[in-house]
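Have a look at the structure below, then the notes.
The values are calculated or read from the model by the stated rules, or taken from the named source; none is laboratory data. No experiment lies behind these values; they were computed from the predicted model shown. Cβ sites come from the backbone with ideal geometry, for glycine too, and all protein chains shown count toward neighbours. Heavy atoms of the whole protein, side chains included, go into the accessibility calculation; ligands, DNA and RNA do not. Shrake-Rupley method; radii C 1.70, N 1.55, O 1.52, S 1.80 Å.
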Amino acid sequence: VGHQKERATSAKIKIQHARPWPGFHTSKNLGNIGDTNCMEQLLVHCANAIDSNDATLAQQILWVLNNIAPPDGDSNQRLTCGFLRALILRAAKIGTCKLLTANLNHSMETHKFSIIELASFVDLTPWHRFGFTAANGAILEAVEGYSIIHIVDFSLTHCMQIPTLIDAISTRVEGPPLIKLTVAGATEDLPPMLDLSYEELGAKLVNFARSRNVMMEFRVIPSSSSDGFSNVIEQLRVQNLIRPDNGEALVINCHMMLHYIPEETTVLSNSFRAMFLKAIRNLDPTIVVLVDEDADFTSNNLVCRLRSAFNYLWIPYDTVDTFLPRGSKQRQWYEADICWKIENVIAQEGIQRLERLEPKSQWVQRMRNANFRTSGFSEEGVTEVKNMLDEHAAGWGLKRDEEDLVLTWKGHNVVFVTAWVPL
């Protein structure tokens, strides 16, 4: 493990003398050991070896991976290094190959952002801005004419979407409405992390709204995704009993947070996700916007999760090379957050495994089961999204899938945005 300077060449020599690899008839079948497909295969075999407690084989494969996937290599090598770290963490948790795990430094510290840092960080790519832009366009159309707008924000990005929405609302012809902003303050530490409290964040948002001549009320409700944000739901239910008829729009904004609600692969009527959506439907919202990453990390099978994550999370590693130089602080923060994701998918099980992405098709079915219908996006809103994408590197694209919008990178689905109204 300590032979950091021995790279692919020595790895090729070593593998000639290793035990036969599962799934390969001879060592020659590995071909180019630095090839992405080969790296994926090695990770799969390593995962199987760790879970079957085959310490000898696991250490052989981890040794090879450690030599061909340096943390400062190209995007595929850095991706593989992230999975290597995650497998070592998993091995440490279940007691496989302790000597190896004791000698390899696999810690990755996630950064706590200031407001300015986080705003700049979010603006680097369309990963979040895509959802912000599309969602804000749909929300503005849905709340037209309302004098009070209550926004319930289930967001991973700590209200970074809201200032742009306030800006747009402040220019309404009929004058700005009163905005009530309720934030689901997640009790879990999920990256990106903020270095100030939600109360301080709320004060800054209220001051920003005031600077735009918009009156805003802010409240945060401490809540957990582990029980489907039940605390938020209950308080909204009580408040909804006294909601003024036709005088208040209720906006439910879900930005990359709902996949932290526990779920497995099947759609169950009594699952936390189903119960959450049913509870939201009972509030009779004006609009619900759901934004998330278009991948599937829900399988109980480790290898299935590994393959799915490997074939999705190459995208952020690939994109980072287009906008951040090697060695920059922002790049370290960006990749540390991806590594957190990988480690949670691979190294954790049970309630500790928070990253449970579901593809768009699954969420669409969930929303329909909860008695919502899609409301789509206007041509004006789509144009806004296209204009935003023009500000970023070539490679990003927009795909219209029925009435939904999908962000793509080099033709591969990345993030989807859907808008819904009650049936």
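Considering only segment 348-404, how many residues are closer than 20 Å to ASP227 by Cβ and charged (D, E, K, R)?
Residues that pass the stated criteria total 6.
When you go through (1) open to solvent by 40 Å² or more (accessible area, probe 1.4 Å); (2) at positive phi; (3) modelled with pLDDT of 95 or more one by one for ASN246, which number turns out not to apply?
Among (1) open to solvent by 40 Å² or more (accessible area, probe 1.4 Å); (2) at positive phi; (3) modelled with pLDDT of 95 or more, ASN246 violates only (3).
Against the condition surrounded by fewer than 19 Cβ atoms within 10 Å (Cβ to Cβ), in a helix (DSSP H, G or I) and not charged (D, E, K, R), how does VAL220 come out, does it pass?
No: the conditions fail for VAL220.
Which count do you get for residues in segment 177-229 that are within 25 Å of ILE148 (Cα to Cα) and either within 19 Å of the chain's Cα centre (by Cα) or among the polar types (S, T, N, Q) (or both)?
9
For segment 139-166, how many residues meet the condition of being under 26 Å from the mean Cα position of the chain (by Cα) and either within 22 Å of MET193 (Cβ to Cβ) or not aliphatic (A, V, I, L, M) (or both)?
Here the count works out to 14.
Do we find a residue being more than 23 Å from GLY137 (Cβ to Cβ) and open to solvent by 50 Å² or more (accessible area, probe 1.4 Å) anywhere in segment 180-190?
So far as segment 180-190 goes, yes, one or more of its residues are more than 23 Å from GLY137 (Cβ to Cβ) and open to solvent by 50 Å² or more (accessible area, probe 1.4 Å).
Scan segment 366-423 residue by residue and report those that are open to solvent by less than 20 Å² (accessible area, probe 1.4 Å) and of a type in the set (Asp, Glu).
ASP404
Given the criteria at pLDDT below 90, of a type in the set (A, V, I, L, M, F, W, C) and open to solvent by 10 Å² or more (accessible area, probe 1.4 Å), does LEU57 qualify?
no
Give the residues of segment 173-222 that are in contact with a helix residue (DSSP H, G or I) (Cβ under 9 Å, 6 or more places away or on another chain) and farther than 25 Å from SER120 by Cβ, sorted by residue number.
Hits for segment 173-222 are PRO176, PRO177, THR182, THR187, MET215, GLU217, ARG219, ILE221, PRO222.
Name the residue, out of ARG331, ARG305, that is over 24 Å from LEU258 (Cβ atoms) and open to solvent by less than 30 Å² (accessible area, probe 1.4 Å).
ARG331
Every residue in segment 82-132 that is closer than 19 Å to TRP409 by Cβ and either at pLDDT below 90 or assigned to a helix (DSSP H, G or I) (or both), please.
Across segment 82-132, the qualifying residues are GLY82, PHE121, VAL122, PRO126, TRP127, HIS128, ARG129, PHE130, GLY131, PHE132.
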